[in-house]
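> This is the structure I have questions about; it appears just below.
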Amino acid sequence: MAVASAPVATSAERAARRERRIGEVLLAVENISLRFGGVRALSNVSFDIRRGEIRAIIGPNGAGKSSMLNVINGFYQPQEGRIVWKGRVFTRMRPHEAAKGGIARTFQNIALFKGMSTLDNIMTGRILKMRASFLEQAFRIGRGRSEELRERAFVERIIDFLEITHIRHVPVGKLPYGLQKRVELARALAMEPELLLLDEPMAGMNLEEKEDMCRFILDVNEEFGTTVALIEHDMSVVMDISDRVVVLDYGRLLADGTPEEVRNDPAVIEAYLGVAHG
Amino acid sequence: MIYRETGQFRTSYAEDQAIFRLREDRIGIAAILAIAWVGVPLLADEYLLRAILIPFLILSLAAIGLNLLLGYCGQISLGTGAFMAVGAYSAYNLALRLPELPLLLDFFLAGLIAAGVGIVFGLPSFRIKGLYLAVATLALQFFADWAFLRVRWFTNYTPSGSVTAPVLDFFGWVVDTEREKYWLCLAFVCAIALLAKNLVRSRLGRSWMAIRDMDIAAEIIGIRPMHAKLSAFAVSSFVAGLAGVLWAFVHLGSWEPLAFSIDMSFRLLFMVIIGGMGSILGSFLGAAFITILPIFLNQAPAMIGIRLSTAMVSHLEFMIFGTLIVLFLIWEPHGLARLWQIGKEKMRLWPFPY
Ligand SMILES: Nc1ncnc2c1ncn2[C@@H]1O[C@H](COP(=O)(O)OP(=O)(O)OP(=O)(O)O)[C@@H](O)[C@H]1O
Ligand SMILES: [Mg+2]
């Protein structure tokens with residue numbers, strides 16, 4: 001189990017600061033079971049995510065991590081269980097409901113709009129905030145004009161924040177992988193989410209890109225108070241930045257606790273050694 | 001360096017969001033508009049206006065309509081001809097049965113009726129995609145062909161099924177010369193092109209493109225696929241319907257249902273593919289190309305002393321279209337518009353390419 005034992009100096013302070021901010025339960029998944037034909041992707045999984053925390057979901061390949069995020073934002077409909085989001089109970093969440101309710105996400109295999117520029121991709125994240133009527137848009141009058149300017153200014157702040165000003169007008173299909181991941185994060189941030197779901201945001205990145213991404217996630221969490229749930233295979237990252245960790249294995253919940261607790265959990269160690277992973 | 005970006009700083013987002021961001025582009029479009037509005041009507045003869053420029057303008061308009069649906073929203077349609085027919089026959093019947101309405105209102109209402117039909121035939125797009133959707137829209141084409149031929153009410157029980165447009169009287173302005181017809185079409189094309197351009201750079205246009213590029217990702221940012229697709233069908237059909245009215249009332253004068261057959265739908269599809277999917281400019285380039293190529297094929301061989309039969313010319317036409325479409329689909333799905341843009345980018349850096 002490749003766990004970094006020495007976290008960076010600031011992470012302890014950061015964790016301490018976050019601890020003070022972590023609030024009530026924002027989202028709870030309760031007894032979720034999801035099957036695809038004979039495959040049990042998730043069996044009776046329950047955990048919660050508190051406001052303001054960074055929650056990691058880890059586990060070997062095929063453990064059901066992505067499926068869990070898909071259940072949370074309404075992509076997959078679980079056969080059993082329910083989701084409590086900000087106190088409201090959903091047995092069936094729908095993607096646009098999740099979006100409206102303040103859940104944004106990125107995908108394991110980047111899901112950007114390839115034919116559109118970086119700027120337009122991020123602007124799509126503002127769609128739910130825009131109200132201009134059809135005629136206002138067609139004639140570019142009233143809100144059709146003012147909203148475009150207002151939202152553009154908002155999006156520019158995200159572009160600055162994520163340091164992607166130089167690729168503003170480039171079609172995303174032409175960007176290298178690491179930058180595409182960043183644009184996808186930008187689009188999710190543009191939604192001003194309360195909960196940000198990140199599916200392997202650092203997969204396939206080089207060390208420098210990973211460090212940048214870590215910094216962005218921590219900054220988002222700190223500056224905007226955004227709750228983050230992320231799936232990640234790199235244990236040093238997980239141990240470094242997360243407040244609590246959920247471990248899934250074969251669709252079952254294996255462990256749930258602080259990085260320390262999880263790291264020392266015998267079942268977790270065995271699962272990881274058992275599949276020679278990590 | 002005749003065409004360049006350096007030294008032109010944009011100091012506000014409003015400037016950066018302008019349709020034509022570069023000074024050279026703005027000068028260019030102003031020149032084109034001046035030529036189109038003043039130069040052409042002064043210089044062009046009747047034949048050129050009637051046989052080439054007016055059809056070109058109307059087909060550009062229809063191509064914009066199809067491009068909004070296919071190029072921007074990614075929903076394939078083989079029924080553009082049918083939407084044009086709906087527009088044409090709606091305007092005809094409105095003018096015939098409600099003569100007290102002003103003609104301009106008839107045109108507008110005809111567009112709305114086409115939009116309504118577009119929404120109904122866009123409903124299957126919720127369940128089906130790609131080839132299957134193409135087949136569903138093809139069914140609309142055949143249905144429209146049948147309805148306008150067989151349901152005699154639409155053609156006011158004229159024995160031949162051929163109908164004639166009313167006098168083009170817009171609040172006292174009677175459009176009867178070729179030059180006036182040209183201006184009328186130009187006005188519609190300029191207005192609709194501008195509105196279309198505004199739409200595609202607004203929220204609605206971005207939600208269409210999001211659906212086109214990846215519908216599942218569009219859903220998670222809160223776009224409702226049904227809403228985006230149906231609005232694309234509606235706007236696209238409105239524009240196609242309006243183009244149909246102009247084609248029938250201004251270009252043809254009197255027409256038969258065959259005027260809007262599957263041929264028309266395919267021609268418009270070719271225009272969009274060759275001109276450039278997802279580009280308003282491309283709609284014009286495609287329409288120009290497809291209008292001019294047959295004329296060129298008719299005249300060019302004769303000029304260099306080769307005589308081709310008319311049959312041969314039309315075979316050649318199809319062969320060239322076919323080849324070009326395959327080539328564009330493989331190498332440049334963004335068509336002539338993209339080639340134009342690449343050319344412009346080269347010019348921007350010229351003479352210092354890096
Ligand atoms: N749409 C689907 N249809 C059928 N089976 C699916 C589907 N999505 C996931 N599965 C199955 O569910 C199980 C869990 O998959 P999931 O993608 O959630 O794993 P994961 O933990 O994200 O793995 P990885 O680390 O490889 O991303 C796998 O066995 C997978 O094959
Ligand atoms: Mg996964």
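> Counting only residues 5 or more places away or on other chains, whose amide H sits under 5 Å from the amide H of A:Leu230 once H atoms are built in the peptide plane?
Residues meeting the criterion, in which the H sits 1.01 Å from N, are A:Arg55, A:Ala56, A:Ile57, A:Leu198.
> Taking accessible area as the heavy-atom solvent-accessible surface of the protein chains with a 1.4 Å probe, which residues of segment A:100-119 lose no less than 40 Å² upon going from the isolated chain to the full protein assembly?
With the partner chains in place, segment A:100-119 has these residues losing at least 40 Å²: A:Phe113, A:Met116.
> Pop out the Kirkwood hydrodynamic radius of chain B from its pairwise C-alpha distances, inverse of mean 1/r, in Å to one decimal.
21.5
> While we're looking at this one, here's another question. Could you state the orientation-averaged shadow area of the convex hull built on the Cα atoms of segment A:53-165, in nm² to one decimal?
The directionally averaged projection comes out at 10.0 nm².
> May I pose another question? Checking buried surface per residue: for segment B:169-215, which residues lose a minimum of 40 Å² accessible area in the protein assembly relative to the chain alone (1.4 Å probe)?
Output list: B:Leu195, B:Asn198, B:Leu199, B:Arg201, B:Ser202, B:Arg203, B:Arg206, B:Asp213, B:Met214.
> Could you work out the Rg to Rh ratio of chain A, with Rh taken as the Kirkwood radius (inverse of the mean 1/r over all Cα pairs)?
Expressed as Rg/Rh, it is 0.98.
> Under a Cβ-Cβ cut-off of 13 Å, what is the net charge of the residues other than A:Gln137 that fall near it, where Lys and Arg count +1 and Asp and Glu count -1?
My count for the surroundings of A:Gln137 gives +4.
> Under a 5 Å amide H to amide H cut-off, with H placed in plane at 1.01 Å, what residues pair with B:Phe170 once short-range neighbours are removed?
Correct list: B:Val175.
> Full extension from B:Leu123 to B:Val167: what is 0.36 nm times the residue separation minus their Cα-Cα distance, to one decimal in nm?
Details: separation 44, 0.36 × 44 = 15.84 nm, distance 3.65 nm.
Computed gain between B:Leu123 and B:Val167 is 12.2 nm.
> Taking only protein heavy atoms into account and a 1.4 Å probe, give the accessible area per residue of the protein assembly as shown in Å².
On a per-residue basis, the protein assembly as shown sits at 45 Å².
> Return, ordered by residue number, the residues of segment A:149-170 whose backbone nitrogen is under 15 Å from a label point located 7 Å along Cα→Cβ of B:Lys344.
Correct set: A:169-170.
> Starting from segment B:77-166, pick out the chymotrypsin sites (Phe, Trp or Tyr not before Pro) whose DSSP state is loop and whose Cβ has at most 12 other Cβ atoms within 10 Å. List each step's numbers first, then the result.
Working: sites: B:Phe83, B:Tyr89, B:Tyr92, B:Phe107, B:Phe108, B:Phe121, B:Phe126, B:Tyr132, B:Phe142, B:Phe143, B:Trp146, B:Phe148, B:Trp153, B:Phe154, B:Tyr157; in loops: B:Trp153, B:Phe154, B:Tyr157.
Here the chymotrypsin sites (Phe, Trp or Tyr not before Pro) that fit, given the DSSP loop and packing criteria, are B:Trp153, B:Tyr157.
> In whole Hz and in residue order, list the ³J(HN,Hα) couplings for segment B:41-52 that follow from phi through the Karplus curve 6.51 cos²θ - 1.76 cosθ + 1.60, θ = phi - 60°; x for Gly and Pro.
Computed from phi, the couplings for segment B:41-52 are x, 6, 9, 6, 8, 3, 4, 4, 5, 6, 8, 10 Hz.
> Okay, moving on. To the nearest 20 Debye, how big is the dipole of chain B about its Cα centre, given +1 on the beta carbon of each Lys and Arg and -1 on that of each Asp and Glu? Mind showing how you got there, number by number?
Values: 26 positive and 22 negative charges, 166 e Å.
Computed charge dipole of chain B: roughly 800 debye.
> Next up: Going toward the positive end of the dipole of the protein assembly as shown, with +1 on Lys and Arg Cβ and -1 on Asp and Glu Cβ, which of B:Ala44, B:Ile292, B:Ser207 do you reach last?
B:Ala44
> Now a separate question. At q = 0.05, 0.08 Å⁻¹, what is the log10 ratio I(q)/I(0) for the protein assembly as shown, with the Debye formula run over Cα points and no solvent?
Scattering profile of the protein assembly as shown, log10 relative to I(0): -0.30, -0.69.
> Which value, in Å to one decimal place, does the Kirkwood hydrodynamic radius take for segment B:133-175 when every pair of different Cα atoms is included?
Result for segment B:133-175, one decimal place: 12.7 Å.
> Additional query: Is there a quick way to get the dipole size of chain A? I mean about its Cα centre, with the Cβ of Lys and Arg at +1 and of Asp and Glu at -1; what is the value in debye to the nearest 20?
For this selection, approximately 1220 debye.
> For a label point 7 angstrom out from the Cα of A:Arg143 toward its Cβ, which stretches of segment A:102-132 have the backbone nitrogen within less than 12 Å?
Within reach of a label on A:Arg143, which here means backbone N under 12 Å from a point 7 Å along Cα→Cβ, segment A:102-132 contributes A:128-132.
> State log₁₀ I(q)/I(0) for segment A:111-192 at q = 0.22 Å⁻¹ as given by the Debye formula over alpha-carbon point scatterers of equal weight, solvent excluded.
-0.96
> I would also like to ask the following. Mind giving me the FRET efficiency for B:Ala34 and A:Gln108? R0 is 51 Å, r the Cβ-Cβ distance, nearest 0.05 is fine.
0.45
> For segment B:133-149, take each phi angle, set θ = phi - 60°, evaluate the Karplus expression 6.51 cos²θ - 1.76 cosθ + 1.60, and give the result in whole Hz per residue in order, putting x for glycine and proline.
5, 4, 5, 5, 6, 5, 4, 4, 4, 5, 4, 5, 3, 5, 4, 6, 8
> Rounded to the nearest 500 deg cm²/dmol, what is the calculated helix-only ellipticity per residue at 222 nm for chain A, with -39500 (n - 2.57) per DSSP H run of length n ≥ 4?
-12000 deg cm²/dmol
> Please report, as a whole percent, how much of the solvent-accessible surface of chain B comes from carbon and sulfur atoms (probe radius 1.4 Å).
Carbon and sulfur together cover 70 percent of it.
> Quote the total accessible area buried by chains B and A together, excluding ligands, DNA and RNA, probe 1.4 Å, nearest 100 Å².
So the total buried area for this chain pair works out to about 3200 Å².
The values are calculated or read from the model by the stated rules, or taken from the named source; none is laboratory data. Treat the numbers as computed from the prediction; the structure is a model and nothing was measured. Note that each Cβ is placed from the backbone with ideal geometry, even for glycine, and that neighbours are counted across all protein chains shown. Protein only, heavy atoms only, side chains kept; ligands, DNA and RNA dropped before computing areas. Shrake-Rupley method; radii C 1.70, N 1.55, O 1.52, S 1.80 Å.
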